[in-house]
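> One structure follows; several queries about it will come next.
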Amino acid sequence: MVAGLVTRANQQEMGKHLTPFLDVWIIFNFLSGVILLPILVLTFLLSKRVTKRHPSLINVCMTWILSGIFSLLLYDLDLPKRGVADDSLHGRFLGGRARPTDPEPSKALCIAQTSLLYGILPMWSVAVFILMYFLLSVVNADGRALNVSRGKMTLMLGAPYFVQFCFSLATLVMSLKDPVRVTREHRVLYCALESYHLFNAMAIFTFVVCLGIIMLETQLALLLYRNWRGLRQAGQSTAVDLQLIVRVIVFGVFIFLGMIVDIVSMFSPRSVVPDIYAATAGTVVFLVFGSQADVLRAWCFWKRDGPVHVSPASRGEPGWTNLDLTGDPEKLTNHENQYVAPLPSPNPAQIADHVHGLHGRDGTRPSSNSHSHLSI
């Protein structure tokens, strides 16, 4: 079993030893890509009880939804046939591959999955990088996120899919030139092209982008710490948004571990560890962003909205939370819908109010005349 986790060896050697890992691969991709993340995205888009999320966060969720779908292209969700004795999911692959030792799927289906999957990791990394860029811009309150044009926003949100298209196109061209090298035997859990040059190019690109993500997260953590230290030295409230800090740390640790796994995959391309780790990524995204207070309240639809606590530092101050990322800063209004001057940099309490879409301590909601909240 342990040997199966460390190296793939070949299908004949592994046999039933890889079946549990195949089950894990299927379960995580199905849960995150088909069930959990679609529910989260629909909640962000449709629920009136949830603060409007920034498009970059929805973009991240969409990339993992696509990943789950692409990973399950060989898998048929038909219920198991009665009388079949098997300790696995008993699932039937569209290409006839329910287990590692089963026959190969059709070549066309195998090439299609290979082409789509080889762009997944680069697409993930670019989407998360853009999310962290916007989050840092919001916390900095330096105007970059406030004044970004719709054209630039569209380009940045479309960048992950452009990267996906480029890597998928390159993989498709190489696969069509030499279809014999596209099999499921190479990666076992899914179809892949036996080309170490293309695989290493994908891994290096992902590593570089993830390094940029770590740098952005480090800068964000330092900014939050400096704000906290400055408020403490000034004798003011130091009510830093602990939820934001925890989410940043969890996400940063997960990405850092992903970089290590990425390095492992370059030196041990037949290892199954990177695939199992990648399969859990969508679930981690769901737990990080689906555990926010307003999302949980929206899912508890049988409960009435109650008062939500916000630090006193944010009460009675201009509506910094009414943030229009593509609008004119001169049009910002407070809760009485009156003109206010451009707002100063927010303190951590205001960041908490913005990022998590919290309301006043008395439980009242903002005036319907104020701008919609935008939250990470």
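> Looking at region 185-221 only, could you name the residues that are out of contact with any Lys or Arg (no Cβ under 6 Å at 6 or more places or on another chain) and in a loop (DSSP other than H, G, I, E, B)?
Of everything in region 185-221, those that are out of contact with any Lys or Arg (no Cβ under 6 Å at 6 or more places or on another chain) and in a loop (DSSP other than H, G, I, E, B) turn out to be Glu185, His186, Arg187, Leu189, Tyr190, Ser195.
> On the basis of being under 18 Å from Ile69 (Cα atoms) and charged (D, E, K, R), does Arg150 make the cut?
In short, no.
> Residues to consider are Ile276, Ile213; find the one that is within 20 Å of the chain's Cα centre (by Cα) and crowded, with 18+ Cβ neighbours inside 10 Å.
Of the residues listed, the single one that is within 20 Å of the chain's Cα centre (by Cα) and crowded, with 18+ Cβ neighbours inside 10 Å is Ile213.
> Here's a check for you: in region 244-255, which residue that is surrounded by 15 or more Cβ atoms within 10 Å (Cβ to Cβ) and not charged (D, E, K, R) is modelled with the highest pLDDT?
Taking the candidates together, the pick is Phe254.
> To continue, here is another question. I need the full set of residues from region 162-181 which are surrounded by fewer than 18 Cβ atoms within 10 Å (Cβ to Cβ) and not hydrophobic (A, V, I, L, M, F, W, C), in order please.
Lys177, Asp178, Pro179, Arg181
> Just need a number here: residues in region 275-306 that are without any contact (Cβ under 8 Å) to a residue 24 or more places away in the chain and within 28 Å of Ala203 (Cα to Cα).
Total meeting the criteria: 2.
> As an exercise: evaluate Ser71 against (1) under 30 Å from Val288 (Cβ atoms); (2) modelled with pLDDT under 85 and give the number of the one condition it does not meet.
In the conditions (1) under 30 Å from Val288 (Cβ atoms); (2) modelled with pLDDT under 85, Ser71 misses (2) alone.
> Right, something else. Which residues, taken from region 279-323, are modelled with pLDDT of 85 or more and farther than 19 Å from Arg247 by Cα?
Ala279, Ala298, Trp299, Cys300, listed by residue number.
> Report the residue count in region 2-55 for those that are in a helix (DSSP H, G or I) and either of a type in the set (Val, Ile, Thr) or modelled with pLDDT under 90 (or both).
27
> Now, a different point. Residues to consider are Phe199, Phe205, Phe134; find the one that is of a type in the set (Phe, Trp, Tyr) and out of contact with any Pro (no Cβ under 8 Å at 6 or more places or on another chain).
It is Phe134.
> Looking only at region 114-138, filter to residues that are small (Gly, Ala, Ser) and crowded, with 24+ Cβ neighbours inside 10 Å; which one of those is farthest from Val288 (Cα to Cα)?
The residue in question is Gly119.
> May I ask you to say which residue of Pro105, Pro160 is in contact (Cβ under 8 Å) with a residue 12 or more places away in the chain and within 30 Å of Thr19 (Cβ to Cβ)?
Going through Pro105, Pro160 in turn, the sole match is Pro105.
The values are calculated or read from the model by the stated rules, or taken from the named source; none is laboratory data. Fair warning: this is a prediction, and the values are worked out from it, not measured in the lab. Please note: Cβ atoms are built from the backbone with ideal geometry, for glycine as well, and neighbour counts cover all protein chains shown.
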